[in-house]
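Notes to accompany the following structure.
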Amino acid sequence: MNDLDIIIIGAGASGLMAAREMSKAGLKVQILEARNRIGGRIFTLKGEQSVQLELGAEFMHGHLPVTLQLIKEAGLKYSKMEGKTFQFKNGELKKDAEFIEDWSPFIRKLNQLDNDMSIRQFLDEYFAEEKYEELRNSVKSFVEGYDAADTNYASAFALREEWSNEGEWTNFRIINGHSSVMEFLANDFKEAGGIINLDTIVKEIIWKHRQVEVVTADGKTYESQQILITVPVSVLRANPNSKAGIAFNPEIPLKIEASRLIGFGSVIKILLQFREPFWNSREFENGKYKNFSFIFSDAPIPTWWSQHPQPSSLLTGWLAGPQAEKLKDVSEDKILKMGISSLSEIFKIEKDGITSYLIDSHLVNWNSDPFTLGAYAYATVNTLQGRKVLNEPVDKTLYFGGEALYEGAEMGTVEAALASGKNVARRIIEDH
Ligand SMILES: Cc1cc2nc3c(=O)[nH]c(=O)nc-3n(C[C@H](O)[C@H](O)[C@H](O)COP(=O)(O)OP(=O)(O)OC[C@H]3O[C@@H](n4cnc5c(N)ncnc54)[C@H](O)[C@@H]3O)c2cc1C
């Protein structure tokens, strides 16, 4: 008989945070992680010229009490992102003036809304006239790009709350990369006696009151009194026969139904490492792109950012929401070519010109990653209800965590994952 108190599924931000809290409280904890690395949707690689390549989470923004406390404890540093923001539309480049036309009347109306509905429904109901076409397109691009969400499902109330915090949208980056926070958590956990098993895909959870048996893809079994499941909601509700899908025995239909009430978007991230930051040169388009931070465009890969103010020749492309979902099964090579064409369109130079500067590239299509199956959670009209159900443990034995279950304003973030891990750990410690 195994003497483990608790097994955690997933060594992402949420699982690691919970593991550290519980091992500090004296519980015997083991993490089972499907990948050959910790961090989940946090994945920092060291690139050329010692640049940190963030293939997953990159920015810190908003109200981040748990993240900032951890960064402080770990002695890590972060830097503010600066630079000019551009908009490129219909072949024209504009320096960021007013981003979204008719934004003020739109927000005014949204603030008067009494009953929640999808943001698409809201636009159709109140801003259907032709003169608002630009507004409708801009809101759609924004919701898809930033929240990785589908406007047909994204909650108008949740977006209203998100947009009311607009003043806090300054972006920061962790200087040694987000993975350094994960390493800090994992080291602390291991020092307290915790165990992390990598390359361990959980396939079945057989449970009864305070007794859990976990079966993994390689046929091994692990036993504990309780279990914390921190896989993304997209994986939780996936077919148990899929690569990361988990069968529960006995089944937990109410929890799986609840997980379906939470929106989960799609995202593709492309990192292009160039020989030099050609966009910063005075000769290039009269230096108008010098020190740009973000470009939002209508190109196939619409959003691009630099590492400014850090000296770097890396550009990152971002496609999210339903447009990214459509490319779920498209080859990386083809998507990379879309990235090059997009930059060629925006910078008005031949594709060959772009590739002549290119020295390395990385692409992650998170939708086709079996252990993520998408991007991150967003609120639909029914998400509050789904989250409430999932945040209630089953028989003091099955507990759920992860960014999607966080109840604050920073949905879909690392902060959400850490805070959820911390909260559920507290609950488990109390119940123990
Ligand atoms: C491309 C991208 C960019 C992002 N950018 C930002 C950003 O700039 N700022 C920000 O704050 N947030 C960002 N996020 C969101 C942030 O990364 C996540 O909210 C957070 O990392 C989620 O942590 P988690 O622990 O909840 O889930 P995960 O990190 O997904 O951890 C779950 C773990 O479970 C494992 N797992 C899955 N199935 C199984 C199984 N069957 N058996 C065992 N293990 C399993 C997975 O491998 C994974 O390690 C981004 C996300 C993506 C994808």
Relative contact order (%) - criterion: Cα under 8 Å, at least six apart; region: the chain: 24 percent
Helix-only estimate, please: 222 nm mean residue ellipticity of the chain, summing -39500 (n - 2.57) across DSSP H runs of length 4 or more and dividing by its residues, to the nearest 500. -9500 deg cm²/dmol
In terms of modelled amide H atoms, which long-range or inter-chain residues lie less than 5 Å from the amide H of Phe264? Tyr378
For Arg260 and Ser281, what does the FRET efficiency come to when R0 = 45 Å and r is the distance between their Cβ atoms, rounded to the nearest 0.05? 0.35
Tensor-based shape of the stretch 304-432 (alpha-carbon gyration tensor, a/c under 1.5 rounded, otherwise prolate or oblate): prolate
So how many Å³ per residue does the convex hull of the Cα atoms of the stretch 25-184 work out to? 198 Å³
Express the Stokes-Einstein translational diffusion coefficient of the chain in µm² s⁻¹, to the nearest whole number, given a Kirkwood radius over alpha-carbon pairs, 10 °C and a viscosity of 1.306 mPa s. 70 µm²/s
In whole Hz, what ³J(HN,Hα) sequence does the stretch 130-142 give by Karplus (6.51, -1.76, 1.60; θ = phi - 60°), x for Gly and Pro? 4, 5, 9, 4, 4, 4, 4, 5, 5, 5, 4, 4, 5
For the chain, set up a Gaussian network in which alpha carbons nearer than 10 Å are linked by springs, and say which option among Ile246, Ile31, Ile349 fluctuates the most. Ile349
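No lab work stands behind these numbers, since they all come straight from the coordinates. Owing to the predicted nature of the structure, the values given are computational and were not obtained by experimental measurement. Note that each Cβ is placed from the backbone with ideal geometry, even for glycine, and that neighbours are counted across all protein chains shown.
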